[in-house]
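As structure tokens, the structure follows; a few thoughts come after it.
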Amino acid sequence: MVGIVAYGAYVPRLRLSRQAVYDANKWFAAGLRGLAKGERSMANWDEDSITMAVEASRDCLSSHDPEDVRSLYFASTTHPFKDRQNAGVIGTALSIEQNLLASDVGGSQKAGTSALIAGLNASKNGGGPALVAAADKRMTRVASSSELNYGDGAAALLCGTENVIAKLVGHHSVSMDFVDHFRGDETDFDYGWEERWIRDEGYSKIVPPAIKAALAACKVKGSDITHFIMPSLMPAVPRQMAKACGVADGAVRDLLGANLGDTGAAHALVMLVDALETAKEGDKIMVVAFGQGVDILVFEVTAENAKLPKRNGLSGWMARRKEEKNYLKFLAFNEMLPIEKGMRAEFDKKTALSVLWRKRDMIYGLVGGKCKVCGTVQFPRSQVCVNPNCHAVDSQEPYRMAGLEANVMSFTADSLTYSPDPPAYYGMITFPEGGRFMADFTDCDKEQVKVGAKMRMTFRIRDNDTMRGGFKRYFWKAAPV
Amino acid sequence: MARGIKDKVAILGMGCSKFGERWDSGAEELMLEAYKECIADSGIDAKQINAAWFSTAIDEVHVGKSGIPLSTTLRLPNIPVTHVENMCASGTEAFRGACYAVASGAADFALALGVEKLKDTGYGGLPGGRGGPLQALWSANGTAPGNFAQLATAYMTAHGVGGEDLKKAIGHVSWKSHQNGAKNPKAHLQKAVEMDTILNAPMIASPLGLFDCCGVSDGAAAAIVTTPEIAKSLGKHNIVSVKALQLSVSNGSESGHNSWDGSYFHTTRIASKKAYEEAGIKNPRAEVSMFEVHDCFSVTELVTMEDLHISETGKGWKDVLDGFYDADGTIPCQIDGGLKCFGHPIGASGLRMLYEMYLQFQGRAGARQLKDPKIGMTHNLGGAPRENVSSVAIVGRFE
């Protein structure tokens with residue numbers, strides 16, 4: 001039996017008030033008024049699809065050993081790198097490299113489900129556990145409906161054959177070049193066709209036949225479906241599709257539009273995580289993702305789902321929330337505002353790729369060292385033990401620190417250094433197991449940062465080397481627990 | 001402990017440029033300004049100098065590397081010139097090189113000259129972005145104020161000092177230096193400032209406000225050293241000799257081992273202890289007449305006075321508030337205005353501190369002149385509290 005064995009999600013902490021967006025833009029686009037309610041998730045300046053996928057993967061793997069993962073699929077339409085395997089960055093951040101097949105999946109809103117199908121098939125065919133991560137952080141034009149409808153987020157699913165929580169009943173896909181929207185390689189923004197045409201000629205003619213074929217292949221009836229998952233920017237469409245296929249209206253899952261927004265290629269999987277969090281044994285889940293065709297997967301929830309250890313999941317990350325009413329900050333975080341950064345922003349961010357390669361476990365995996373002689377944990381790992389009473393040479397074994405909680409020993413809020421979100425909070429963090437370093441803080445407010453505060457390590461963008469076309473430097477930062 | 005160099009080296013002459021935002025001068029002009037005063041004061045001819053040590057810390061924004069900039073600017077007679085860099089301790093490091101050359105007998109006359117021309121970068125504060133290709137990938141993207149602000153948070157935590165008490169104490173540190181700097185015609189900032197202004201200044205890196213941070217200045221300072229015997233033979237009186245020179249450098253334990261609580265300078269405790277031993281000082285609080293310490297930030301000075309074993313650990317803030325270190329206090333500290341007001345051209349700072357000591361011993365300190373000082377101590381701290389170079393020099397009358 002192949003299926004999903006664990007799930008995880010990630011949602012950035014900031015939630016942009018749609019009213020604030022509308023208030024800023026209504027002089028130009030009064031027609032957006034109907035969308036000016038609720039909030040959308042908004043990535044911090046140091047988050048992108050890779051960092052969000054890493055967080056969702058960590059959430060997913062909190063119950064499993066990352067080293068067992070044999071394949072890793074990363075679905076997104078906003079991979080930070082066009083040529084440099086994005087999934088490989090995630091793998092290194094999770095400290096899994098050996099015996100790993102990593103692959104990026106993109107190019108369509110159904111990339112998440114296509115990656116999931118690939119992961120399930122890999123696992124089914126003896127390929128071992130497959131991790132499927134999906135994340136999107138899409139750029140949107142000022143005063144567009146996308147700006148209000150989209151959200152940033154990620155989901156991760158572990159596929160496997162042991163202790164399956166949702167058994168794959170079957171899947172079915174059709175692929176055709178129906179261009180409801182596109183994003184060419186000369187722009188950051190989507191260009192879409194008329195919604196009525198998309199609904200009448202796209203959804204209505206492509207989706208119901210595909211669902212019916214999937215139901216037939218899976219030998220289930222529409223009325224058997226307890227959770228119908230189908231992302232769409234047109235909220236009425238999923239209901240119409242369900243109805244056309246005999247799926248009960250009550251089974252149609254909420255699109256999470258009110259407080260999250262549509263997370264692009266990740267959204268079908270984000271909604272699937274949302275469903276799995278409360279699904280009961282025997283529930284049948286249908287996932288439908290539309291985008292130049294349609295992917296359909298049908299799962300049946302098993303008794304194992306109730307036994308899956310607790311994790312943040314979508315609900316946990318949704319509960320960690322800070323409202324953002326500053327629309328200009330949203331624009332600045334997305335490099336949509338030519339803000340005066342000052343000369344301190346001009347320092348060269350060139351990365352020595354040879355150094356990055358030598359130290360990749362340290363930088364991407366937050367792997368420190370543990371001295372075999374005195375037991376001292378330290379970061380970074382060095383040839384001579386840092387313990388003043390030891391100083392043993394070549395005595396350290398790799399020690400993973402990303403999952404450890406740290407305490408703030410000292411900190412500051414620096415208004416002099418350049419930060420996209422000043423003041424820059426940073427400070428000395430200490431790990432109770434041993435080890436410390438001067439870390440940047442993120443996702444924090446003044447009142448949360450104090451001496452002794454507990455911090456969690458999170459994988460983030462440290463710098464963006466815009467002089468060389470946008471090489472993102474990733475490293476770990478400390479965020480309040 | 002080694003035998004040390006107590007009284008083996010005398011200062012023959014010194015010079016110091018006007019510090020400040022020297023828009024009129026490059027590093028070369030500043031070097032010459034300090035050197036002209038120094039060589040005239042020494043009474044020797046440039047041809048008699050046997051070797052020179054040249055200090056700058058951020059040479060990439062002004063003179064560039066090697067000893068060539070000094071040799072070329074002064075047209076030195078093709079003698080050895082060594083370029084030294086040890087962050088904010090660079091000036092003292094140049095002096096140490098020159099003194100060791102004389103103490104060893106390798107040179108009769110040695111020159112130490114430090115310079116820093118910082119005000120050609122186009123922005124305030126120190127140039128950033130150094131540290132090598134690995135550090136750039138992981139260490140927090142901080143600034144000097146941000147690093148030293150953490151000394152304040154850790155100090156408050158370690159000793160249970162309240163935010164307001166500390167703010168007042170570090171405010172007093174800066175207030176005192178402004179009082180002193182107002183009497184120094186070579187100082188960058190020559191204006192006394194009210195306590196209210198200090199306490200209400202904008203935050204740079206909490207809890208450090210604008211007046212808790214020293215200025216970024218251009219300047220140069222120089223010393224020519226020889227042996228006390230040669231100095232005497234040249235007819236010099238009021239000879240000032242070197243009693244001790246010590247340096248302590250972090251080895252990563254503060255930044256990487258959980259035994260350090262962030263509230264003190266591990267290296268300064270070591271360097272000062274060794275220096276007292278070299279100088280034969282048993283009770284520094286009773287024996288030292290004056291200090292010039294590294295007040296890059298007000299809190300640095302406060303904590304340093306504990307780590308130099310003058311104030312009791314955790315009680316330095318009380319000594320400060322009691323006026324112990326004021327110009328009319330028990331042991332004046334930063335009588336020339338300190339880094340805070342005299343200024344902080346990094347490579348020159350250690351030599352500038354010695355310059356003030358030298359003037360004080362010779363009775364040439366003008367409105368700042370202290371009564372009959374016997375022992376003076378200078379201190380520099382390069383780097384950050386968690387990883388630094390600490391240098392200590394003790395000078396005094398040659399009896």
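A short reminder: the numbers here are calculations on the coordinates, not readings from a lab. Quick caveat, the model's predicted, so the values are computed rather than measured. Neighbour counts are summed over all protein chains in view; Cβ atoms, including those assigned to glycine, are modelled from backbone coordinates with ideal geometry.
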Looking only at lysines whose Cα falls under 20 Å of A:Lys450's and that sit 8 or more positions away or on another chain, we get A:Lys322, A:Lys477, B:Lys167
Expected vector for the range A:159-171, Karplus 3J(HN,Hα) from phi with 6.51, -1.76, 1.60 and θ = phi - 60°, integer Hz, x for Gly and Pro, equals 9, x, 10, 10, 6, 5, 8, 9, 6, 6, 7, x, 8
Per-residue Cβ contact counts at 10 Å, fewest first, order B:Arg3, A:Arg138 as B:Arg3, A:Arg138
For the protein assembly as shown, whose charge dipole is built from +1 on Lys and Arg Cβ atoms and -1 on Asp and Glu Cβ atoms, the candidate among A:Asn259, A:Phe182, A:Ser63 with its Cα farthest towards the positive end is A:Ser63
The protein assembly as shown: antiparallel bridges as % of DSSP beta bridges, rounded to 5, reads 75
Karplus-derived 3J(HN,Hα) from phi for the range B:146-153 (6.51 cos²θ - 1.76 cosθ + 1.60, θ = phi - 60°), whole Hz, x at Gly and Pro, runs x, 5, 7, 4, 6, 4, 5, 5
For A:Leu272, A:Leu215, ascending order of other Cβ atoms within 10 Å (fewest first) is A:Leu215, A:Leu272
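May I ask what percent, to the nearest 5, of DSSP beta bridges between residues of the range A:3-333 are antiparallel? Display every interim value, and only then the final one.
On the way: 38 of 56 bridges.
Just about 70 percent of them are antiparallel.
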Summing -39500 (n - 2.57) over every DSSP H run of at least 4 in chain B, dividing by its residue total and rounding to the nearest 500, the 222 nm mean residue ellipticity is -11000 deg cm²/dmol
Here the whole-number average of other chain Cβ atoms within 10 Å per Cβ of B:250-257 is 6
Any lysines whose Cα falls less than 18 Å from that of A:Lys325, other than same-chain ones fewer than 8 residues away, would be A:Lys26, A:Lys37, A:Lys446
In debye to the nearest 20, the charge dipole size for chain A, taken about the Cα centre with +1 at each Lys and Arg Cβ and -1 at each Asp and Glu Cβ, equals 520
Any aspartates and glutamates whose Cα falls less than 18 Å from that of B:Lys36, other than same-chain ones fewer than 8 residues away, would be B:Asp24, B:Glu28, B:Asp45, B:Glu116, B:Asp218, B:Glu356
Residue span A:Glu397 to A:Glu97: 0.36 nm per residue of separation minus Cα-Cα distance leaves a gain in nm of 106.2 nm
Counting other chain Cβ atoms within 10 Å of each Cβ in A:383-390 and taking the mean gives 4
Once amide hydrogens are built 1.01 Å from N within the peptide plane, the residues lying 5 or more places from B:Gly67 or on another chain with amide H under 5 Å from its amide H are B:His83
Sorted by chain and then number, the residues having a modelled amide H within less than 5 Å of the amide H of A:Asn44, at least 5 places away or on another chain, are A:Arg13, A:Leu14
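Please get the size of the charge dipole for chain B, origin at its Cα centre, with Cβ charges of +1 on Lys and Arg and -1 on Asp and Glu, quoted in debye to the nearest 20.
With only Lys, Arg, Asp and Glu charged at Cβ, the dipole is about 700 debye.
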Sorted by chain and number, the residues with a modelled amide H under 5 Å from that of A:Thr442, at a separation of 5 or more or across chains, are A:Ala478, A:Ala479
